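What follows is a short report on a single structure.
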Amino acid sequence: MSQPCDKATWLSFSTYSWLNPLVETGVQRQINVADIPELAESEDTTANAKTLIVNLDAEEQEGNSHPLIRAVVVTYWKQLLLWEFLALASYFMGLLSPLLLQQVLIFQEAQTGKVTHLSTQQVEMGMAAVWTYIALGLFLIIYHSQQSFFQARLNLRIGSALRACVFQRCIKEREQAANSTAVNSNAESQESTPTVYNVISFDVGPNIDIIWIVLAVWLFPIQLFSALAVLFSQVKWAVVPGLAVVIIAKIICMVLLVNDGYLRHTQLKAKDERLGRCSESFNGIRTLQMLAWTQPHLDSIMVARSEELRAQRLRLWMQKMPAAIDYSLSTLVSLAIFAYYVLHEGKTMKASVVLPVISLVTSLVGPFGQFPTWANQYLIWRSAYIRVNAYMGLHSSGGRPRPQPGFEILPGGQAATAATPIVSLRTCTLTWGPTAEADDNDGDGEAAERSETSRLIADRQFSLKDIDLDINAGEHLIVCGQSGHGKTSLLLGLLGEVPVTAGSLRSPSTARLRAERAATALPETTRETREELASGAAGGGVLLDAHGVAYASQTVTLFTGTVRSNILFGLEYDAGLYAQVLKACSLDTDLASMIAGDLSEVAQGGATLSGGQRARLGLARAAYRAALARRGRPGSAPLVLLDDPFCALDRRVATEICQALFAPPAGLLVGCAVVVAAADPWWLSCLPLDGGNLKVAILREGQILALDTPKKVLEQGFDELQKLSMEVSRGMGSGDGTGSAGMAMPMLAAASSVSNPQDDEVEEAAPPPL
């Protein structure tokens, strides 16, 4: 295998002979990946990516404008400055070549002229010009080759680092960054979001190309005036007509290429729309087929495709016409200069004038000819830069550093006790961004009410404000509030999914997120990355995360597989504990009626199950994770988050599950730190209300109004607990004055006529009078 270029000798490096082994291998057989030499250390993708990511984070934290541009400049300014000096030296050597050619031609004309004998000095100067011209030509061949190779290496370094940065910032942290940004304009928020394929394939490249444009702009005045000065020394004022031809041609090219730049944005916007609609069709193909929407959806895809092709055709015309003009421009400029030189000034054309001037015209056309290309590339870059920044959640204007959540880490491996706060919020404000999914979809509200809630939250920046809360090991907190007042948002905040804009938040999830960021930090080199990937692939198995949080949402996500696989979700199978969880979640009766039991197949999304069965599967998944973590780490107190877990269950089943999970001393989740969001906590009547580890919080418009034991909060007469108050009063009227688990008996008797638990999606009805 060939050795990397940075390990080659200077001669091997200059002549590219370090690639000879690769070429010889290619002659003998087809080249494979193992034959290709490794990249030099300076081109290591991982090392370059780490440096760029660190600089980007620093620029963004300082609130500087255009953090992405600044990060690239800070990372690569020394290398770019070196390339600029190499380019300047290359240009001046290019100007020297026509002047040497002129001296060679003068020496040749002197030999064919009337002078029969040349002086020794003339011969020496002539031969010196010949040998210098030959040596300069050979040197420029190597010099230009190495300059282009160095530029390609810089392109590789910046491009690989920028693509890695896009992946790191967009895929892993894009949602958090988007939530933390300021409010965008309505027009911007309505535009389609670029897909990752388009960003990586079409938008990263222009952000690299603009670097060479900026460096060329810096060289332009030097190139222009030096080329004009040398041309003027040869043909005097005959340079003016040639300059006029260049200006007219480049104005035409600029108009065409500027239009091409605008059309690029139109084309890629249509491409994003087409890819988005194709993705929708893949995800919803069953719905499209079932509702016979296939043809209308196909028509909408073809409309976007037609717009994309229209822009592409126009772009091709706009690109090819300037290319045709540039192809003939040097000839037209030379004709204009020589016509004026001969016809107006009456000069005689000689080879010693014509050939150097033709070479110098190229040097003049080059700087001027870049103007239309610069305008076109600027528009392309602006479009790509906006798209990359939008996808990465970056700000171009600066002055608004990305807020860093006030997460504190719960020390790993620490045994939880009753006095250990598992969750701690201190004057904490959790804020949804205006584009975030801030709708607190509590399951008990009507569709119209949820729609109104979504509209109200979309009209303002919804926040949970000044939350002070501690949840200790073994404590069960019931968060009560109406639909849309922040219950789900609070649970998501504990999961680390809502940005903390003030105060601090500490929970196992935030510790897990911090640990994941540390674990996913890039190694120092690409070789180390490959070794880690290889060792990870050889390891296998799913480990229980010590910082894992058991979470059951209102809308349970089920995957194609068995009932057991959807409950275990990759965790180890403990037969005894698994049976306890099935019984606690009232799934044992359902599974007994299925032929394959818990090995019965679940269709995608749980389409073959009732709403109540799906809800109980979600509860079982959370309960099993928490119970397994508690069994594997004695003394620990896993955090369990349940979002209105009983809203889809009938009263009898809900009461059974509530007692099996929460009732002391044998409840499956007793000893865990549990947070339950509930719009109607009627089921609390089957639990002790006057003490113990049970607490109730009233959440209204993003603020906690009360936090105490259920009995004390009930005494304050909050509307959110009206139905619970009725249940407690009914239980006390039945002769059970404890306000505790004994109240469940009359309620169970009243609910005994409810349909069987396999079809327990029933609306809550008022209990019959006793």
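Overview of values
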item	result
Any chance PHE338 is assigned to a helix (DSSP H, G or I) and surrounded by fewer than 13 Cβ atoms within 10 Å (Cβ to Cβ)	no
Filter result for ILE657 (at pLDDT 85 or above and outside any helix (DSSP H, G or I))	no
Residue match in the stretch 261-274 (condition: within 30 Å of PHE107 (Cβ to Cβ) and open to solvent by 70 Å² or more (accessible area, probe 1.4 Å))	no
Residue tally, condition in a helix (DSSP H, G or I) and buried (at least 16 other Cβ atoms within 10 Å of the Cβ), over the stretch 63-73	6
In the stretch 195-245, residue least open to solvent (accessible area, probe 1.4 Å) [restricted to those that are under 23 Å from TRP374 (Cβ atoms) and among the charged types (D, E, K, R)]	ASP203
Of the criteria (1) surrounded by fewer than 14 Cβ atoms within 10 Å (Cβ to Cβ); (2) touching a Gly at 6+ places or on another chain (Cβ under 6 Å), which one GLU601 fails	(2)
Evaluation of GLY606 against (1) surrounded by fewer than 22 Cβ atoms within 10 Å (Cβ to Cβ); (2) at positive phi; (3) touching a strand residue (DSSP E or B) at 6+ places or on another chain (Cβ under 9 Å); (4) not polar (S, T, N, Q) (one fails), failing number	(3)
Enumeration of residues in the stretch 43-62 that are open to solvent by 30 Å² or more (accessible area, probe 1.4 Å) and either among the hydrophobic types (A, V, I, L, M, F, W, C) or touching a Phe, Trp or Tyr at 6+ places or on another chain (Cβ under 7 Å) (or both)	ALA47, VAL54, ALA58
Any hit, the stretch 73-85, residues being out of contact with any strand residue (DSSP E or B) (no Cβ under 6 Å at 6 or more places or on another chain), more than 26 Å from ILE142 (Cα to Cα) and aliphatic (A, V, I, L, M)	yes
Which listed residue is open to solvent by 30 Å² or more (accessible area, probe 1.4 Å), modelled with pLDDT under 75 and touching a helix residue (DSSP H, G or I) at 6+ places or on another chain (Cβ under 8 Å), from PRO401, PRO367	PRO401
Residue check for LYS695: open to solvent by 10 Å² or more (accessible area, probe 1.4 Å), basic (Lys, Arg), assigned to a helix (DSSP H, G or I) and closer than 22 Å to GLY474 by Cα	no
Candidates LEU99, LEU156, LEU80, LEU88 - the one that is at pLDDT 85 or above and open to solvent by 40 Å² or more (accessible area, probe 1.4 Å)	LEU156
Complete set of residues in the stretch 352-364 that are open to solvent by less than 50 Å² (accessible area, probe 1.4 Å) and more than 19 Å from LYS250 (Cβ to Cβ)	SER352, VAL353, VAL354, PRO356, VAL357, SER359
Inter-residue pairs, beta-carbon under 8 Å, first under 22 Å from VAL199 (Cα atoms) and in the stretch 276-298, second among the small types (Gly, Ala, Ser) and assigned to a helix (DSSP H, G or I), 6+ apart	ARG277/SER300; ARG277/ALA304
Single condition VAL104 does not satisfy, out of (1) within 29 Å of LEU215 (Cβ to Cβ); (2) surrounded by 13 or more Cβ atoms within 10 Å (Cβ to Cβ)	(1)
Among residues of the stretch 665-681, those that are over 11 Å from HIS476 (Cα atoms), open to solvent by 10 Å² or more (accessible area, probe 1.4 Å) and either within 39 Å of the chain's Cα centre (by Cα) or not small (Gly, Ala, Ser) (or both), counted	4
Criterion violated by GLU24 - all others in (1) under 14 Å from LEU154 (Cβ atoms); (2) modelled with pLDDT of 85 or more; (3) surrounded by fewer than 16 Cβ atoms within 10 Å (Cβ to Cβ); (4) not hydrophobic (A, V, I, L, M, F, W, C) satisfied	(1)
Check on LEU641, closer than 21 Å to VAL423 by Cβ, part of a helix (DSSP H, G or I), touching a residue at least 60 places away in the same chain (Cβ under 8 Å) and open to solvent by less than 30 Å² (accessible area, probe 1.4 Å)	no
Enumeration of residues in the stretch 129-151 that are aliphatic (A, V, I, L, M) and surrounded by 14 or more Cβ atoms within 10 Å (Cβ to Cβ)	ALA129, VAL130, LEU136, LEU140
Lone unmet requirement of (1) open to solvent by 10 Å² or more (accessible area, probe 1.4 Å); (2) of a type in the set (A, V, I, L, M, F, W, C); (3) under 18 Å from VAL640 (Cα atoms) for ILE704	(3)
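The values are calculated or read from the model by the stated rules, or taken from the named source; none is laboratory data. Remember, it's a predicted structure, so these values are computed and weren't measured experimentally. We place every Cβ from the backbone using ideal geometry, glycine too, and count neighbours over all the protein chains shown. For the accessible areas, the whole protein counts, side chains as well, though only heavy atoms, and no ligand, DNA or RNA atoms are used. Shrake-Rupley method; radii C 1.70, N 1.55, O 1.52, S 1.80 Å.
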